[in-house]
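Enquirer: Questions regarding the structure given below will be posed in turn.
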Amino acid sequence: MFFPDGEYNLTQTIDLPWRYDHNVNLVLSPNAVLKTEQSLGSILRIGFVDVDLTFDKSLRRFSYISGGQIDCTNVGVGIEINGLKQLVFIKDVNLFKGKDKHIYIHCSNHFKGTGSADTKISDVHIQGLSSNEKNYGIYIAEECMYCKISDVFIYGCNTSIYTLSGGHYITQCHFL
């Protein structure tokens, strides 16, 4: 799905399915802004719908979000990722004005003990409201291991990366 330059005022969260055979990827132009004037839980959720409808888990392929800007002003989470949907790639995205979590990786209640999120976050910029407020750039729950985070710039957040799990690969990140 492609979003050209412009502001997109959402009335509900964009939910991308868990099913690999129904993969949906988002590509946003550099000046495309996703935002909402309503109070939503998140702007974008990946892998929280159609979890029980996936029969062949061998069809795994990357789901990706590429480009654009996400205004997190009226949401708790900018991008929420179900760690059970492995191979999620977030690249070239700017998230800003988050009050809680800009990127939140956790498992839905369908957790079967895989222990591997395999989420990749690259060339992402995150700007919080203030480092004096309790907010997070990237929050990774305990059941979501093996995330790859590179070339990330996070500022204005009380906590840049908070993880309750191990096995992550973090390189070339700048926290201010």
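The values are calculated or read from the model by the stated rules, or taken from the named source; none is laboratory data. Since we're looking at a predicted model, the values are computed, not measured. Ideal geometry is used to build each Cβ from the backbone, glycine not excepted, and the neighbour counts take in all protein chains shown. Accessible surface is based on the protein model in full, side chains and every heavy atom, while ligands, DNA and RNA are left aside. Shrake-Rupley method; radii C 1.70, N 1.55, O 1.52, S 1.80 Å.
Enquirer: Might you check whether a residue that is at pLDDT 90 or above, within 17 Å of the chain's Cα centre (by Cα) and either assigned to a strand (DSSP E or B) or not polar (S, T, N, Q) (or both) occurs anywhere in the range 52-63?
Expert: No - not one qualifying residue is present in the range 52-63.
Enquirer: Quick one: Ser66 ticks every box in (1) surrounded by fewer than 17 Cβ atoms within 10 Å (Cβ to Cβ); (2) small (Gly, Ala, Ser); (3) modelled with pLDDT under 95 except a single one, so which number is it?
Expert: (3)
Enquirer: Considering only the range 65-84, state which residues are closer than 16 Å to Ser42 by Cα and in a strand (DSSP E or B).
Expert: Residues satisfying the conditions are Ile65, Gln69, Ile70, Asp71, Val75, Gly76, Val77, Gly78, Ile79, Glu80, Ile81, Asn82.
Enquirer: Can I ask one more? Yes or no: Ile46 at pLDDT 95 or above and either among the basic types (Lys, Arg) or closer than 29 Å to Leu176 by Cα (or both)?
Expert: Answer is no for this residue.
Enquirer: Can you tell me which condition Glu80 does not meet? The list is (1) closer than 23 Å to Asp21 by Cβ; (2) modelled with pLDDT under 95; (3) surrounded by 17 or more Cβ atoms within 10 Å (Cβ to Cβ), and all the others hold.
Expert: Failed condition: (2).
Enquirer: What is the residue count in the range 15-34 for residues that are open to solvent by less than 30 Å² (accessible area, probe 1.4 Å) and closer than 12 Å to Val49 by Cα?
Expert: 4
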